[in-house]
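The values are calculated or read from the model by the stated rules, or taken from the named source; none is laboratory data. Note that the structure is a prediction, hence the values are computed from the model and not measured. For neighbour counting, all protein chains shown are included, and Cβ atoms are generated from backbone atoms with ideal geometry for every residue, glycine included. All accessible areas refer to the heavy atoms of the entire protein, side chains included, with ligands and DNA or RNA removed. Shrake-Rupley method; radii C 1.70, N 1.55, O 1.52, S 1.80 Å.
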Amino acid sequence: MKKTGKLFLALAALLLAGGFCRGQSVSRDRQEAYRILMEIERNNPELEARRKLHDALTTGVRMENNPDDPEVEYVRQWGRPSAAGPASELTVTQSFDFPTVYARRAKLAQKRIEVYGHEYELYRQQVLFDAHKLYIRILALRQKQELLDRAATDALRVSELLSIKAEAGGANALEENKARFEYISAANAAKFNEIELADAVNRLVSLNGGVPVILEEHSLESPTFIRTYNEMAGIYESLSPEILMAVSAREAAGEEIRLSKSKGLPRFELGYKRDTGPGDKLNGVVAGVTVPIFSNRNNVRRAKAEAAFADAELRRILSDAKTYLMGLYARAELLAASSEQYRTMLDHTDSISLLKRALDQGHISVIDYYSQLQPVYESSLTMIDVMEEYHLTCATINAVFL
């Protein structure tokens, strides 16, 4: 497939992952993901190595259909007694298969080249999918980082308030120590998340061949649209490199059967021969036929067995893809519902602002404030986890477009 076609399909995958439907605009995080994936396709060293390997394999397959090299044989003889004089013999011959063999071998080579092409596309798709998953992970970790930093700030505030109250006799030492431990725990959670975020960014840069990646987005947007299962099942059969590779392998096995049958036809040898000696010089034509009575024995049987295996393998891959896709759609549906429930609950309640207002106005104690604040942060972090899983599931469904 041409480069422009690949770029279009990669963009289509990200658009289908959410937001580009029924008049909606493309979100910034999907535009950014598209840009990053295109950079990685250009810069990834493993993809570059795979492209070179693909070129080498396809060249090797084409070379297999070249005719045999011509053979040149020269013999120099001396007579005894010396009066007999020297004699020499020159033979030039060229062997070649029956023309049908070359035609069959060319068709087989084309199918094998298709297999290598789909194999490269499968590897390329996996690299870009790994990068897309990392990008989703980074956005989730960035969103968590903002939340964890706020939680650490609130925990510090509670700890300082209780220290002031303890000095004034309004709080006991147990409450003060508990608040201090809560702050340490919140601060460490923020630090560990920061370390994980830096590691994810470094891995994304590594996929980009060490070239720094510019990341501007800081949060996930909930995907709002993916194709129906029936639509996507048909798309998988026409776009999935794994399925296409199995289809080409089955077709190649069929060509192998036809080639094996054609190899039962004779091989020919034509050439020129020149003899020189003390007397006359002789010129002649060399012609020969090789009948493959023994060398081609059981080749057709072997090729048919390999074709049966390729056909069974294709059926297995199609069945596995259908089952896998059904599972992804079921998972996406559950995650979408769960994500929306969390989002609606947290957006409508605005619990953090309400709790802070109640604390500032003296309606609740510092301990009550923090004890009620923790579940809100925990629910918010869980919502981010659910959204991340939803994004990853949608990305998995649409990875076939990469």
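Considering the stretch 285-305 alone, what residues qualify as being touching an Asp or Glu at 6+ places or on another chain (Cβ under 8 Å) and either of a type in the set (S, T, N, Q) or loosely packed, with under 15 Cβ neighbours inside 10 Å (or both)? Quick ask: steps written out before the conclusion?
Narrowing the stretch 285-305 to residues touching an Asp or Glu at 6+ places or on another chain (Cβ under 8 Å): 286-290, 303.
Selection gives Val286, Ala287, Gly288, Val289, Thr290.
Could you grab me the full set of residues in the stretch 354-389 that are open to solvent by less than 50 Å² (accessible area, probe 1.4 Å) and without any contact (Cβ under 8 Å) to a residue 24 or more places away in the chain?
Applying the first criterion (open to solvent by less than 50 Å² (accessible area, probe 1.4 Å)) to the stretch 354-389 yields 355, 358-359, 364-366, 369-370, 373, 376-377, 379-381, 383-384, 386-388.
Listed by number, the residues that qualify are Leu355, Ala358, Leu359, Ile364, Ser365.
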- Message: Filter the stretch 148-181 down to the residues that are open to solvent by 20 Å² or more (accessible area, probe 1.4 Å) and in contact with a Ser or Thr (Cβ under 7 Å, 6 or more places away or on another chain) and list them by number.
- Response: Glu176, Arg180
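Scan Ala337, Ala395, Ala332 and give me the residue that is assigned to a helix (DSSP H, G or I) and surrounded by fewer than 19 Cβ atoms within 10 Å (Cβ to Cβ).
Details: Ala395 fails: surrounded by fewer than 19 Cβ atoms within 10 Å (Cβ to Cβ); Ala332 fails: surrounded by fewer than 19 Cβ atoms within 10 Å (Cβ to Cβ).
Matching residue, one of Ala337, Ala395, Ala332: Ala337.
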- What's the number of the condition Glu160 fails, among (1) farther than 30 Å from Glu41 by Cβ; (2) in contact (Cβ under 8 Å) with a residue 12 or more places away in the chain; (3) acidic (Asp, Glu); (4) assigned to a helix (DSSP H, G or I)? (2)
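Conditions (1) hydroxyl-bearing (Ser, Thr, Tyr); (2) within 24 Å of the chain's Cα centre (by Cα); (3) closer than 30 Å to Met387 by Cβ, marked per residue:
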{"site": "Ser238", "(1), (2), (3)": "yes, yes, no"}
{"site": "Pro241", "(1), (2), (3)": "no, yes, yes"}
{"site": "Leu244", "(1), (2), (3)": "no, yes, no"}
{"site": "Arg250", "(1), (2), (3)": "no, yes, no"}
{"site": "Gly254", "(1), (2), (3)": "no, no, no"}
{"site": "Leu265", "(1), (2), (3)": "no, no, no"}
{"site": "Thr276", "(1), (2), (3)": "yes, no, no"}
{"site": "Leu282", "(1), (2), (3)": "no, no, no"}
{"site": "Ala287", "(1), (2), (3)": "no, no, no"}
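Hey, could you check the stretch 97-111 for residues that are assigned to a helix (DSSP H, G or I) and over 19 Å from Arg250 (Cα atoms) and say which is most open to solvent (accessible area, probe 1.4 Å)? Show your work before the answer.
Just the residues of the stretch 97-111 that are assigned to a helix (DSSP H, G or I), to begin with: 99-111.
Applying the additional criterion that residues be over 19 Å from Arg250 (Cα atoms) yields 99-102.
On the way: Pro99: 89, Thr100: 53, Val101: 4, Tyr102: 47 Å².
Filtering first and then ranking leaves Pro99.
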- Residue pairs qualifying under the 8 Å Cβ cut-off, at least six apart or on distinct chains, with the first in the stretch 194-210 being within 12 Å of Pro45 (Cβ to Cβ) and free of Cβ contacts under 8 Å to residues at least 60 places away in the same chain and the second being aromatic (Phe, Trp, Tyr) and open to solvent by 80 Å² or more (accessible area, probe 1.4 Å), are none
